[in-house]
Amino acid sequence: MTKGRPTNGQPKRARPAGGGGADPYHRFLRLSRADCDRLAELGRRLAPELPAVVAEFYDHLGRFPELQRLLQPPGVMERLREILLHYLGELLGGRYGAAYEESRRRVGERHLEVGLEPRWYLASFNLVVQLLLPRIATHLEGDPAGLLATTLALSRVVTLDQTIAMERYVELYTRELDAAHQRLKEHADDLEERVETRTRELIHSGRFALIGELASGLAHEIGTPLNIISGTADWLLADLPEESPHRPELTTIGLQTQRITDLVWQLLHFARPEEAEVVPTPLADVLTQVRSLLHHRLENHAVVLGLDLPADLPPVRAVPEQLQQVFLNLLVNADHALEGRPVKRIRVVARAEGERVVVEISDTGCGIPATHLDRLFDPFFTTKPPGKGTGLGLSITRRILASHGGEIEIHSAPEQGATVIVHLPVWRAAADAAR
């Protein structure tokens, strides 16, 4: 017995070398050892006539425009004649085991490769039978029983050929369809993602326009009254003695008017960010300055801030003041997340990765629910209590980074802290100076 290699995840069925009864499908076709011997004898008799069969076969195919295109390239006709002559020798060889079936599978592969539709090559098997039958009848003239038995044997083997070739064709064609389906799915997923991204961009663009109008209106309508209120409060404070019970109220008025002023400024900056010159910026300097600015705040909150900044960190393309605002926003957010936590630690790690510098800011805070992660960069979305935040900090941060050619991502889970990852482009003197 000869075992074939696995195909399509399934082992081939073992075939006896000569066929004839051992295989279930052979038994179903009623292909017997006597059939194999009969066809082998016929092959020896017809061997001299097989080239004529090949010539008639391709003469017939050449009459059909649908098939002519397959025969036109140089050298194809000669090669096909050789293949058919070899096939006829195997068809009338009397051995229909594993090697024969493998040869038939290759026939199915060739048909798919050249683009021959199944109806044509299945009909070609029938054409072979039509061309052989008159010659078989001549050789077996006067032996009607032998003619019938030989004809049936030939029919059984040709049916076997058609089945194997068709199975292989279907297997390969299905594989191609699966691959095409996968490519289509990947394209559809990519397209869907791009549509969603563009939709979000359009939504944000619309919001930016509305925010710009709102900020301009607010700055105009309440700017002057705020200045008057703030100035009056300062004037009254200057004249009040230190022990006056009205000093706390006036101080609160001053702080709240300043908070409103800051909110309007944030709105204006968010909707209409200022343009400034991009320069080579040492990231270590920016982060060190931010640490100094937040030193007293973090000390009062018992927060430990650690900076891991390699000495050979390359400069980045940035507007230093804007980059400082980015990291101020991110570290203040981390500080807020640490409120009430038993361990209050923020760690900032920077490293170079090819043409980018990556900064990771991790905290031991309360974490962020999964339902909030997708909304963190939406304007006015905040997880802080009322009066504690405007919901613009992260939106402004992302816009600044985007204008620098950078990116930001946030990873978090409830009670597991959060990690913010910032990507910034490295300064390349010649290219960036030319911008």
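Before moving on, here are some points about what is shown:
- In plain terms, the chain from T419 to E192 could stretch by 78.9 nm, reckoned as 0.36 nm per residue minus the Cα-Cα distance.
- Sorting C36, C366 by the number of Cβ atoms found within 10 Å of their own Cβ, with the fewest placed first, yields C366, C36.
- Convex hull projection area averaged over all views, segment 34-186, Cα basis, nm²: 10.3
- Label-point separation in nm, T159 to Q68, each point 7 Å along Cα→Cβ: 3.7
- Taking label positions 7 Å along the Cα-Cβ direction at both A137 and A284, the computed distance is 9.8 nm, reported to one decimal.
- Theoretical gain in end-to-end length, E353 to E82 [0.36 nm per residue, Cα-Cα removed]: 91.6 nm
- Put in line by how crowded their Cβ is, counting other Cβ atoms within 10 Å and starting with the fewest, V303, V53 read V53, V303.
- Cβ-Cβ FRET estimate between H181 and H296, R0 fixed at 56 Å, reported to 0.05: 0.35
- Here the spin labels are modelled as points 7 Å beyond Cα on the Cα-Cβ line, and at A123 and Q256 they lie 9.1 nm apart.
- Proxy reagent accessibility, fewest Cβ within 10 Å first, across W120, W427: W120, W427
Here, each number is a calculation from the coordinates, and none is a lab measurement. Quantities reported herein were computed from a predicted structural model and do not represent experimental measurements. Note that we place each Cβ from the backbone using ideal geometry, even for glycine, and neighbour counts take in every protein chain shown.
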